[in-house]
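A short reminder: the numbers here are calculations on the coordinates, not readings from a lab. Only a predicted model underlies this, so the values are computations on that prediction, with no experimental measurement involved. Positions of Cβ are backbone-derived with ideal geometry, glycine not excepted, and every protein chain shown enters the neighbour counts.
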Amino acid sequence: MLPQPDDDVLWARALHVEHNGTPALSGVSLGVREGEILAVGGPRGSGKTTLLRCLSGQLVPREGEVWFNSTPVHTMGPLTRERLRRDRFGWIDPVPTLIPELNAWENTALPLMLRGWTRRAAKTAAREWLERLDIGGCARKRPGALLQSERQRVAVARALAPAPAVLFADEPTAPLHRADRAHVLRTLTSAARSHGITVVLATHDPDTAALADRTVSLLDGRRVNTVHLPPVVEAEGRTACSLSV
Ligand SMILES: Nc1ncnc2c1ncn2[C@@H]1O[C@H](COP(=O)(O)OP(=O)(O)OP(=O)(O)O)[C@@H](O)[C@H]1O
């Protein structure tokens with residue numbers, strides 16, 4: 001067994017996953033460095049969501065290994081994996097999944113309270129994150145009274161608020177319009193960089209991938225290439241890339 005490289009916060013080796021007997025991942029290996037924003041690209045059905053679900057411990061691969069900070073995730077029992085996900089990982093779905101009975105700040109504060117924060121401290125932090133995402137005025141509204149784009153901003157605030165070690169974002173801007181998309185992505189990436197949050201971002205959108213440090217591409221469940229991007233010149237993004245296989 002190869003050791004996990006020291007500067008990788010997440011490391012996966014030779015992942016094989018099948019859905020109902022059909023291969024979804026066939027031998028995918030990758031490392032994610034601490035503080036890195038890694039885009040996982042590829043067309044629809046190429047295995048991006050499946051890879052994120054394996055890396056985050058939601059799905060146990062049929063074969064292969066997943067390590068988080070030198071701890072094996074693939075051999076953990078369900079309760080330990082659930083605790084790892086609750087305490088160290090964040091997740092953003094393409095479609096926001098909020099609790100309908102809770103308002104926006106309560107939804108955002110929930111992961112903080114689950115980690116032991118007092119209600120007052122969690123409310124203050126939640127409201128600050130909603131302000132950063134330009135939806136401070138929606139703090140008392142329930143999801144049913146919000147637009148889809150506002151709900152997704154709440155989901156992003158909820159994922160960022162606990163400053164997870166790794167944030168998994170599966171097509172996080174899918175329900176947003178172009179202008180909204182850029183703002184939410186900039187907030188997400190700048191918050192991740194300033195809080196040292198590692199991000200693994202599944203996307204088939206090249207504009208979204210351009211905000212990442214590196215892109216790993218999948219095709220039919222296999223890794224096909226890695227795009228290394230030059231250091232950030234502007235605060236908002238990157239303009240060029242080089243390709244290595
Ligand atoms: N729960 C499931 N049951 C059966 N097949 C599945 C399931 N989830 C994914 N698949 C199949 O596995 C393959 C990889 O799917 P996956 O969702 O990981 O790809 P993706 O790149 O994230 O696609 P998309 O961009 O459409 O979300 C696809 O062929 C998909 O149809």
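In terms of overall dimensions, the C-alpha atoms belonging to the chain reach 49, 43, 35 Å along their principal axes, ordered largest to smallest. Bridges between two residues of the chain, per DSSP, are antiparallel at a rate of about 60%. If you take every residue apart from residue 138 with its C-beta less than 10 Å away from the C-beta of residue 138, what net charge results, scoring Lys and Arg +1 and Asp and Glu -1? Neighbour charge sum, excluding residue 138 itself: +3.
Placing a label point 7 Å from the Cα of residue 58 along the Cα-to-Cβ direction, the residues of the stretch 18-36 whose backbone N falls under 16 Å of that point are 18-19, 24-25. Remark: relative contact order (the chain) = 25 percent; criterion is Cα-Cα distance under 8 angstrom and separation of 6 or more residues.
Peptide packing for 211-217, 176-182, 66-72 was compared via the average number of neighbouring C-beta atoms within 10 Å per residue; ordered from the highest value, the list is 211-217, 66-72, 176-182. For the stretch 28-156, the alpha carbon convex hull comes to 145 Å³ per residue, rounded to a whole number.
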